[in-house]
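These notes are about the structure you will find just below.
The values are calculated or read from the model by the stated rules, or taken from the named source; none is laboratory data. Bear in mind the structure is a predicted one, so any value in this text is a computation, not a measurement. Glycine also receives a Cβ, built like all others from the backbone with ideal geometry; neighbour counts cover every protein chain displayed. These area figures cover heavy atoms from the full protein model, side chains too; ligands, DNA and RNA do not enter into them. Shrake-Rupley method; radii C 1.70, N 1.55, O 1.52, S 1.80 Å.
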Amino acid sequence: MIRFLQHDKIDKSQWDNCISHAVNGNLYAFSWYLDIVSPGWCALVEDDYEKVFPLPVGSKSGLGYIMQPYFTQQLGLFYQSVSSEDKLLEFLDYIPSGFKYIDINLNTSNKISGSVNVSDMTNLELDLISEYAEIVSGYQNNLQRNLKKAAQNKLTLAKHVRPEEIISLFKANKGQELKHLNDNQYMLIQRIAYESIYKGTGEIWGAYDNFNQLVAGILWVTSHKKAIFLFSALSESGKKLNAMPWLIDSFIMQNAGKPLTLDFEGSNNEGLARFYSSFGAKRVMYQRFFKNTLPFPLRIVLNIWRLTRMHINKYFTLSKQ
């Protein structure tokens, strides 16, 4: 039996046990992560938390909606045993009718065929199980040239950069182009960073130049044998020094040969997808589910707001190069 649960009725211990053991579990579905990015989130739960579906709910001008949170690439249906498309559709049908605006990303194991309500999204992933020499042999020529240049730039690596430092670096560079960003988005990533570091799953790696200035940084968060490239920052000096590809390559070098996947967390942008592909990363598709049954003109109002949120997510993603 599928049940809709308000936030205060969710047993988070059982919830996290399901996500931990789910065959398609991921970082974004843990209760601590959802509590940060979508306070008050609700859920669909089958039986004794054997299958779960987080619902990042909210309201605007009295209208209830379900919308993908910032810094959250994939949600959807999670399960500990085999599931099916019919079961996924059953869960989607159980979403209360009061939510007339739904815009969520499913996960890579959730597939809906032949529906006007879904569109394909692109992720790129690199399997690190092979030895470093084998992985490097799959690097594209341009990337190898840039890494040779970076090797001459006397960059140094630090693995315990403070969240405030990488956020400040982002604000001083890419953030200057994004005047519509506010402290709410920066506070979200800071909280995610601190909580993941506290739980022992997050690390912020930084590249420093020969003047000991931070020129690039990446927040890695590991879950379900995936290291997620969750957030990054890069200075103009860092671009010239090829600090970002150097930092990514350093991570690959130190984790090669492990049963780990580097999840680049994107991208639908072709330029960024080419950059990730240059490391040998492969495309992995997931789906976005969208349904808008609001009356006109409320349908237009929510669509405009959604586009603003997508614009913010896009630029956070585009900064990761």
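Of the residues in region 151-171, at least one is free of Cβ contacts under 8 Å to residues at least 60 places away in the same chain, open to solvent by less than 60 Å² (accessible area, probe 1.4 Å) and part of a helix (DSSP H, G or I). Determine which member of the set 138, 114 is open to solvent by 70 Å² or more (accessible area, probe 1.4 Å) and small (Gly, Ala, Ser). Only one candidate passes the filter, namely 114.
Residue check: is residue 33 among the aromatic types (Phe, Trp, Tyr) and either crowded, with 22+ Cβ neighbours inside 10 Å or touching a Lys or Arg at 6+ places or on another chain (Cβ under 9 Å) (or both)? When the stated conditions are applied, residue 33 passes them.
Looking for something out of contact with any strand residue (DSSP E or B) (no Cβ under 8 Å at 6 or more places or on another chain), modelled with pLDDT of 95 or more and of a type in the set (A, V, I, L, M) - is there at least one such residue anywhere in region 31-42? Scanning region 31-42 turns up at least one residue that is out of contact with any strand residue (DSSP E or B) (no Cβ under 8 Å at 6 or more places or on another chain), modelled with pLDDT of 95 or more and of a type in the set (A, V, I, L, M).
Residue count for region 148-173 under the criterion of being of a type outside the set (Ser, Thr, Tyr) and under 26 Å from the mean Cα position of the chain (by Cα): the result is 16. In region 84-112, the residues that are under 12 Å from residue 52 (Cα atoms) form Cβ pairs under 6 Å with partners that are of a type in the set (S, T, N, Q) and crowded, with 21+ Cβ neighbours inside 10 Å, at six or more places apart or across chains, as follows: 88/110.
Residues in region 172-218 that are open to solvent by 50 Å² or more (accessible area, probe 1.4 Å), among the small types (Gly, Ala, Ser), farther than 23 Å from residue 33 by Cβ and not in a helix (DSSP H, G or I): there are none.
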